[in-house]
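Below is one structure, written out as C-alpha cells; the observations come after it.
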Amino acid sequence: MTTTSTPGRRIGGRWIDHWDPEDEGFWQRTGSAIARRNLWQSIFSEHIGFSIWTIWSVLVLFMGPEYGFTAAQKFFLVAVPTLVGSILRLPYTFAVARFGGRNWTIFAASLLIVPTILAMVVLEPGVSYTTLLVVAAAAGVGGGNFASSMANINAFFPEKEKGWALGLNAGGGNLGVPVAQLLGLLVIATLGAGYPRVLLAIYLPFIVISAFLAWKRMDNIAAMSNDTGAFTEACRDRQTWIMSFLYIGTFGSFIGYSFAFGLVLQNQFDRTPLQAAAVTFIGPLIGSLIRPYGGKLADRFGGAVVTLWNFVGMAVATLVIIFASGIESLTLFTIGFIALFTLSGVGNGSTYKMIPAIFTGRARVAIAGGADRETSFNTARRLSGAVIGIAGAVGALGGLFINLAFRQSFMTVQSGTPAFWSFLVFYVLCIGVTWAVYLRPRPALVGSTDAAAMARV
C-alpha cells in the first residue's frame, strides 16, 4: 500500500497508492488506523501553526505605553498576520496536492521557526512600527497551515466521519489560540509585561518536535498528487462562494475576535494587560473545544440546519454585547463575547461538514446514475479539498475585516459598538443565505443533481 518515491513524479517517501475510505471493508481493515494516525499528528502540527499565527494577539498585550503605539495601530498590527495567513491558505491547500500532505506538513511546520525568531529579535521598546508590521506579517505563515491540514485530512476519512474528523482537526488546531494566550497570561503573571521573548522561546522546541513527528508518522496519498484542475473547477462552482461567505461568519468571527478581544477589553473597559489576559483565552478555548461537536451535530441533524440556528444565536449574542456596551457592564459584555466564541466554534464545525457533504452527495447521485464509483468519490475528495482551501482563505479574511472594523470604531467613537452593529447585520445576512440556498423548499438549486445531492447537506 505504501511506496517510496518515484523519480520525476513524487517528492519524498511514504506514499499510499490506493486509498478508498468509502469502501467499508478497506476502512475497517487498514484505512481507519492510518487515517487516525495522520489525524492526530495533523492536529498537533496545526495547533502550533495557529499559536504562531495568533501570537501577536498576545504580544500586543506586552506592549505598554513605552512602545508609543495607539489602540488603532495595535488593531492594525494584529490584522496584518490575519491578512497574510488568509492569502497563504490558497497556495497551502494546493501544495498538499503538489507535494503530498506529509511532505508539506514537514515544511510548513519547520517554517514557523522564522517568524518566531524574528519576533524574539525585534520586540522591545523603541522598535519602529514598520518593523513590527513586517515581522507580524511573517507570522501569517502559521495561518496557512490550517488549509493544508484540513485538505489533507479531508482526503483520509469517509463522508460519514468527515464532520467529526474535520472538527477534531480544526478544533485541535484552534486550541493553539487559547493555549498561546494562557502561556502569555502565565508569563505576564509571573515575570511581568516586559518579557515577551519568554513566550516566544517556549514555542521553539515545539516547532522542532512538530516537524520531526510529521516526518515520522504521516503519509502522502497518491490520488491527491498533481491535481491541478481542482482549483479551477471549484472556482466555477457557485457552492464554493456560498460556503466561503458563510465561513466568513463562523471562522472569520472566531479568528477576528481571538485577535481583538484583549485589545477591546483594554481600550473599552480600561483593563490592565494582566486583567485582559486573564479573560482573553476563555472564549477561544471554549470555541475550539466545541468545534468537533459542531461537526458531530451536523453529522446527525444536517450541516445547514445547525448552521442556520447557530447564526441566529450569534445575532442574539451580538445584541447582548451591544446592550452591555451601552450600560457599561463588563460582566454582561464578557458573557456575550464568550457566547459568540462558543457559537462560532459550533458554526465552524457545521459549515466544514457541509462542504464534503455537498460533493459526496453529488458523487452518490452520479453513481446511482451509472458513473464509476471510485472515480466519482475521488472527484468528490478533490473538489471538497479545493473548496475547503478556498473557503478557509476567504473565511479567514473575516478576521481581517473584524479588526479593521474595530480599528475604525475606536478611532471615531472610542468604542467597539459601531463595529458590533455591522457584525449583527452580517449575521442576519448569513441567516438569510443559509435558509434560501439550503433549507427553503424548492425543486432544485442548480439542477436536479444538486437538488438530490444537497437533501442531506
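Since every read-out is calculated from the coordinates, none of them should be taken as a lab result. Please read these numbers as outputs of a predicted model, since none were measured by experiment. Cβ sites come from the backbone with ideal geometry, for glycine too, and all protein chains shown count toward neighbours.
Going by the alpha-carbon gyration tensor, a ≥ b ≥ c the square roots of its eigenvalues, is segment 180-278 rounded (a/c under 1.5) or, if a/c is not under 1.5, prolate (a/b greater than b/c) versus oblate?
Details: a/c = 4.86, a/b = 1.49, b/c = 3.26.
It is oblate, given that a/c is not under 1.5 and a/b is not larger than b/c.
Treating only the Cβ atoms of Lys and Arg (+1) and Asp and Glu (-1) as charged, compute the dipole magnitude of segment 56-214 about its Cα centre; round to the nearest 20 debye. The partial results should precede the final answer.
Values: 7 positive and 4 negative charges, 64 e Å.
The dipole of segment 56-214 has a size of about 300 debye.
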Margin query: Can you order the peptides 297-306, 391-400, 34-43 by their average number of other Cβ atoms within 10 Å per residue, highest first?
Written below: 391-400, 297-306, 34-43
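What's the extension gain from Val121 to Gln73 if we count 0.36 nm per residue and subtract their Cα-Cα distance? All intermediate terms of the calculation are to be shown ahead of the outcome.
On the way: separation 48, 0.36 × 48 = 17.28 nm, distance 2.06 nm.
Taking Val121 through Gln73 to full extension adds about 15.2 nm, to one decimal.
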Check: For segment 268-351, rounded, prolate or oblate, judged on the Cα gyration tensor with a ≥ b ≥ c (square roots of eigenvalues), a/c < 1.5 rounded, else prolate if a/b > b/c?
Finding: oblate
Item checked: Whole-number percent relative contact order across the chain, with pairs defined as alpha carbons under 8 Å at least 6 apart -> 24
Item checked: Simple spin-label estimate for Asp20 and Ser128 in nanometres, 7 Å along Cα-Cβ -> 6.1
Checklist line | Spacing of the two label points (7 Å from each Cα toward its C-beta) at Ser422 and Ala371, in nm | finding: 4.1
Checklist line | Span per principal axis, largest first, for the Cα atoms of segment 81-225 (Å) | finding: 52, 28, 26
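Nearest 0.05, what FRET efficiency do Arg98 and Thr412 give at R0 = 56 Å with Cβ-Cβ as r? Before the final figure, lay out the partial values.
Values: r = 45 Å, r/R0 = 0.80.
Efficiency computed from Cβ-Cβ geometry: 0.80.
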Notebook entry, point to check: Which whole-percent values make up P(r) of segment 117-191 when all C-alpha to C-alpha distances are grouped in 5 Å steps starting at zero?
Noted result: 3, 12, 15, 16, 17, 13, 9, 7, 5, 2, 1
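Calculated from DSSP H runs of 4 or more alone, at -39500 (n - 2.57) each and per residue, what is the 222 nm mean residue ellipticity of the chain, nearest 500?
On the way: 19 runs with 354 residues, N = 457.
The helix-only estimate for the chain comes to -26500 deg cm²/dmol at 222 nm.
If you take the C-alpha gyration tensor of segment 13-129, multiply each eigenvalue by 5 and take the square root, what semi-axes do you get, largest first, in whole Å? Walk me through the numbers on the way to the answer.
On the way: eigenvalues 320, 34, 32 Å².
Ellipsoid half-lengths, sorted descending, are 40, 13, 13 Å.
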Item checked: Spatial separation of Cα centroids for segment 66-125 and segment 181-201, in angstrom -> 20
Margin query: Taking the alpha-carbon distance from Lys160 and a cut-off under 18 Å, which lysines remain once sequence neighbours fewer than 8 residues away in the same chain are dropped?
Written below: Lys296, Lys353
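Compute the FRET efficiency between Trp40 and Ala436 as 1/(1 + (r/R0)^6), taking r as their Cβ-Cβ distance and R0 = 30 Å, and round to the nearest 0.05. Write down the numbers at each step before the final one.
Details: r = 39 Å, r/R0 = 1.29.
With R0 = 30 Å, the Cβ-Cβ based efficiency is 0.20.
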Next item on the list: Once you have all Cα-Cα distances for the chain, histogram them in 20 Å bins from zero and send the whole-percent values.
Entry: 27, 56, 17, 0
Note to self: On a straight-distance basis, which aspartates and glutamates could pair with Lys162 in a cross-link, Cα separation under 12 angstrom, same-chain partners fewer than 8 positions away excluded?
What the structure shows: Glu22, Asp299
Check: Which value, in debye to the nearest 20, describes the size of the charge dipole of the chain about its Cα centre when Lys and Arg Cβ atoms bear +1, Asp and Glu Cβ atoms bear -1, and nothing else is charged?
Finding: 540
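Would you list the membrane-span-like helices of the chain, meaning whole DSSP H runs whose alpha-carbon atoms span at least 27 Å along their axis and whose mean Kyte-Doolittle value is at least 1.0? Please list the in-between numbers first.
Working: long enough: 32-54 (32 Å, 0.10); 71-99 (41 Å, 1.14); 196-217 (33 Å, 1.32); 238-268 (41 Å, 0.63); 282-301 (28 Å, 0.31); 303-327 (36 Å, 1.96); 330-368 (56 Å, 1.07); 373-413 (59 Å, 0.64).
In the chain, the long hydrophobic H runs are 71-99, 196-217, 303-327, 330-368.
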